[in-house]
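Worksheet: the structure to be examined is printed underneath.
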Amino acid sequence: MLTKRQLLVLKQIIRSYTETGQPVGSKALMAQLPVHVSSATIRNDMAALEDEGLIRKTHSSSGRVPSTKGYRYYLDNLVEPAAVTPNEIAAIQQGFGGHFYKIDEIVAQSARILSNLTNYTAITLGPEVTNLKLTGFRLVPLGNHQVMAILVTSNGNVESQLFTLPPEVGSDEVEKAIRIINDELVGLSLGEVAQKLQSEVPGLLFKYMTSPDGFLDLFGNVLRKAAEERFYVGGRLNLMDYLGDSDVDQLKRLLAMMDDDQGTERQAFNTLLGPLHDSHIKVKLGSELTPDVLENLSLLTANYSVGEHGTGMIALIGPTQMPYSKMIGLLDAFREELAKRLTDYYNHFDQ
C-alpha cells in the first residue's frame, strides 16, 4: 500500500514529466508538492515508488520518470478528468457547424476536429450498421452494358458502384430483378437482406432471369460496401511528432493498418479498438496494446450513443507521455457533442 504522500509524489512526477518531458528530481518536487517536506523525505518516497516499479531512474540524471506500470496505476487510481474550456467547446461546435449530406461526412469531420484539438492521431467509427435498413435500390444504364448500381440505406447514406453486366443479361430482365429486390428487401435490415440473398431471392430471380448469378454478385458487392464498418483517421502525420527517426518501420506499419480497408491489418486494428458497448473511457498502453507495433504508444477509446441509431467510437493514438487528465476530459465532452450532431442529423432525416 502506498501512503498518501507517496501517491502525491507519483501524481506530481507524472504531471511534471508530461509537461516538461524532463526527469523529475526531489528538489523540484519539494517546490511543487502541496505539502511541506524535506528533500530527503521525498527521496525516500521516490525510492519506495521505484521499488514498486512505478517510476524509474534515467541514465542522464538523478531524476525519475514514470514507468508504464506507474502510468497504469495512475490511470486506475489517481487520474481526474480535467474540465473542458469554453474555447475548446466552441472549437468543437464550430467544427460541426457546416452542412452535412450524410453520416459519413460528420464522422470523417469529427476525426479532423479531434486531431486538430489534441495534435494526436484521431480515429472515429460511425454508428453501428447492424440496425441500418435498405430503403431503395436501382440501376442506372450507362451504355455498353455498364450500369451504376445505387443503394440507399435508412441513415441517408447512398452507396454507388460501377459494374459491367454480362452480355446475355437483357434490360427487361434487369428491370424485373430490380422490382424483386425492392419488393422483397426494402425495409429489411442489411443483415436480413444478406440472409435473403442466400436463401429466397435466387429462386425468385430464376423465374425471370436465365442467369441471375451476375446480378446477385452485383447487388451483393454494393450491399457489402454499405454494410462494412468504416473508420476515419485524422492527423496521420501527427504520428511523426512522437515517433522518432528510429521508428520509421513502426510508422509505416501504423499507416498500413489505418489504410488497409479489408485486410488482416485492418482486422487487427478493429480488434484493438474493442467493443462498442462500454460507456467508460478506456486507456491502453505498453504491453496491453497488440499488435506490438503499438507497444510504445497509448490508445484512448470512448464510445458514444445515438439512441436507436446505434453506437460508435472515437479514439486517440499518442505517446505514453500524454496529459491523460486533459485528454480524458476532452474525449468525454467531444463524444457528447458528436452524439448531439448525429442526433440532429437523424432527426432532420427522419422528418
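The values are calculated or read from the model by the stated rules, or taken from the named source; none is laboratory data. What you see is a predicted model, and the numbers here were worked out from it, not measured in a lab. Glycine gets a Cβ as well: all are built from the backbone with ideal geometry, and neighbour counts include every protein chain shown. Areas reflect the complete protein model, heavy atoms only, side chains present, ligands, DNA and RNA absent. Shrake-Rupley method; radii C 1.70, N 1.55, O 1.52, S 1.80 Å.
For P(r) over Cα pairs in 20 Å bins from 0, in percent, the value calculated from this model appears in [x] 28, 56, 14, 2; [y] 29, 48, 13, 6, 3, 0; [z] 26, 44, 22, 8, 1 under label [z].
Most fluctuating residue of LYS326, LYS69, LYS207 in a GNM of the chain with Cα springs under 10 Å: which is it? Looking only at LYS326, LYS69, LYS207, the largest GNM fluctuation is found for LYS207.
Evaluating 6.51 cos²θ - 1.76 cosθ + 1.60 at θ = phi - 60° for every residue in segment 2-13, the Karplus couplings come out as 8, 6, 4, 5, 5, 5, 4, 5, 4, 4, 6, 4 Hz, glycine and proline recorded as x.
Using the crude model of +1 on Lys and Arg Cβ and -1 on Asp and Glu Cβ, and no other charge, please compute the dipole size for segment 47-185 relative to its Cα centre, in debye to 20. Can you show the working numbers first?
Working: 11 positive and 16 negative charges, 114 e Å.
I would put it at about 540 debye.
For ILE42, the shell of other residues with beta-carbons less than 12 Å away shows a net charge of +3, using +1 for Lys and Arg and -1 for Asp and Glu.
Rolling a 1.4 Å sphere over the protein heavy atoms, what is the accessible area per residue of the chain, to the nearest Å²? If you can, show how the numbers build up before the last one.
Working: 17760 Å² over 351 residues.
Solvent-accessible surface per residue comes out at 51 Å².
Oblate is the label for segment 137-184, because the ratio a/c of its alpha-carbon gyration tensor axes (a ≥ b ≥ c) is 1.5 or higher and a/b is not greater than b/c.
With a cut-off of 8 Å between alpha carbons and a minimum separation of six or more residues, what is the relative contact order of the chain in percent? Present the calculation step by step, with values, prior to reporting the outcome.
Details: 524 pairs, mean separation 67.9, N = 351.
Computed over the chain, the figure is 19 percent.
Considering helices alone, the calculated mean residue ellipticity of the chain at 222 nm is -15000 deg cm²/dmol, with DSSP H runs of length four and up weighted by -39500 (n - 2.57) and normalised per residue. Give the carbon-plus-sulfur fraction of the accessible surface of segment 1-113 in %, rounded to a whole number; probe 1.4 Å, heavy atoms of protein chains only. Heavy-atom surface of segment 1-113 belonging to carbon and sulfur, 1.4 Å probe: 50 percent.
Relative contact order for segment 131-216: what percent, with Cα pairs under 8 Å and sequence separation of 6 or more?
Values: 113 pairs, mean separation 25.3, N = 86.
This gives 29 percent for segment 131-216.
Note that segment 180-192 has calculated 3J(HN,Hα) couplings of 4, 4, 5, 6, 8, 10, 4, x, 8, 5, 5, x, 5 Hz, one per residue in order, obtained from phi through the Karplus relation 6.51 cos²θ - 1.76 cosθ + 1.60 (θ = phi - 60°); glycine and proline are x.
Among residues other than VAL65 with Cβ under 10 Å from its Cβ, the summed charge is +3 (Lys and Arg +1, Asp and Glu -1).
Assign one of three labels to segment 17-81, namely rounded, prolate or oblate, based on the Cα gyration tensor with a ≥ b ≥ c the square roots of its eigenvalues; rounded applies when a/c is under 1.5, prolate when it is not and a/b is larger than b/c, and oblate otherwise.
Rounded, because the longest to shortest axis ratio a/c is under 1.5.
Classify segment 151-220 as rounded, prolate or oblate from the Cα gyration tensor: take a ≥ b ≥ c as the square roots of its eigenvalues, call it rounded if a/c is under 1.5, otherwise prolate when a/b beats b/c and oblate if not. Taking the square roots of the gyration eigenvalues as a ≥ b ≥ c, segment 151-220 is oblate.
Which net charge results for the neighbourhood of LYS326, defined as the other residues with beta-carbon distances under 12 angstrom from its beta-carbon, given Lys and Arg at +1 and Asp and Glu at -1?
Working: positive: ARG15; negative: GLU19, GLU80, GLU88, ASP332.
With Lys, Arg at +1 and Asp, Glu at -1, the neighbours total -3.
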